[in-house]
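Accompanying notes for the structure given below.
The values are calculated or read from the model by the stated rules, or taken from the named source; none is laboratory data. Computed from a predicted structure; not experimentally measured. Please note: Cβ atoms are built from the backbone with ideal geometry, for glycine as well, and neighbour counts cover all protein chains shown. Keep in mind that these areas ignore ligands, DNA and RNA; they rest on the heavy atoms of the full protein, side chains included. Shrake-Rupley method; radii C 1.70, N 1.55, O 1.52, S 1.80 Å.
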Amino acid sequence: WYCDFYGLCKRPMEETQRLTVFEGTALGQLSLLSRRIVAWKAGTASRSAFTSAKAETIGKTLVQYNATASATVAAGREYDGGWSGKTINLETDSARGNTLDWNCAWDNLLETLAALAHVAGGWFDLVKTAAATWEVRWTTSVDRTATVIFSSAFGNLISPRYEHDRTAEATVAIVGGSGEGSARTIRTRTGAD
């Protein structure tokens, strides 16, 4: 046995009629980082502003000073950002990735890491290492399609359901161009379906 997925259940729902049905929305582990912002004033060197720094170093520094025990008001952060009952550690920084300038004061931590990854030459991951303990790691591989397979044959899907919701599908677009009022250029386009 091995774990297919670690998730943080943020919206549980239980319903009992003849059978008890449980439905939950589980966010991935990286969602922990979305609960923090870069709470350092703009231009704070190596906290919210980085010049000619390696992408891995930028990302791990951002996590260290916004989501670990180092994220304190005493260190200069605007609000303590450590976790009660959770520990986030950092893999040793090997200064990998592209050399970049990066400014991200007041940005959501996960969103700025995702934006950074688009130009970084790698990606950040949050890996569970023990109970309530995670480690931030850098990887040059961003293709995860080979690492997790959901299949009834593997026993990690019990009763899969596919839903294709077309209720919000638009079939006609009315587009306004230049001009005003009755002089405005209007075109309509209809979808092939």
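Before moving on, here are some points about what is shown:
- Qualifying residue in region 42-50 (condition: in a strand (DSSP E or B) and open to solvent by less than 30 Å² (accessible area, probe 1.4 Å)): yes
- Meets criteria (hydroxyl-bearing (Ser, Thr, Tyr), within 26 Å of Ser34 (Cβ to Cβ) and at pLDDT 95 or above) for Thr99: no
- Scanning region 110-122 for residues that are buried (at least 21 other Cβ atoms within 10 Å of the Cβ) and modelled with pLDDT under 95 turns up at least one hit.
- Criterion: of a type in the set (Gly, Ala, Ser) and either within 24 Å of Thr139 (Cα to Cα) or open to solvent by 70 Å² or more (accessible area, probe 1.4 Å) (or both) - qualifying residue of Gly59, Gly76: Gly59
- The residue of region 62-73 that is surrounded by the fewest Cβ atoms within 10 Å (Cβ to Cβ), among those that are β-branched (Val, Ile, Thr) and free of Cβ contacts under 8 Å to residues at least 60 places away in the same chain, is Val73.
- Long-range neighbours under 6 Å by Cβ, at least six apart or interchain, first residue closer than 21 Å to Asp125 by Cβ within region 76-92, second of a type in the set (D, E, K, R) and assigned to a strand (DSSP E or B): Asn89/Glu135; Glu91/Glu135; Glu91/Arg137
- When the residues of region 10-34 are filtered to those that are open to solvent by 40 Å² or more (accessible area, probe 1.4 Å) and either in contact (Cβ under 8 Å) with a residue 24 or more places away in the chain or β-branched (Val, Ile, Thr) (or both), the one that is nearest to Gly85 (Cα to Cα) is Ser34.
- Region 79-96, subset under 19 Å from the mean Cα position of the chain (by Cα) and of a type outside the set (Asp, Glu), residue surrounded by the fewest Cβ atoms within 10 Å (Cβ to Cβ): Lys86
- Each residue in region 151-185 was checked for being aliphatic (A, V, I, L, M) and either open to solvent by 90 Å² or more (accessible area, probe 1.4 Å) or under 30 Å from Cys3 (Cα atoms) (or both), and 5 pass.
- Residues of region 118-133 classified as over 12 Å from Asn89 (Cβ atoms), of a type in the set (A, V, I, L, M) and touching a residue at least 40 places away in the same chain (Cβ under 8 Å), total: 2
- The one condition from (1) in contact with a Pro (Cβ under 7 Å, 6 or more places away or on another chain); (2) surrounded by 14 or more Cβ atoms within 10 Å (Cβ to Cβ) that Ala105 does not meet is (1).
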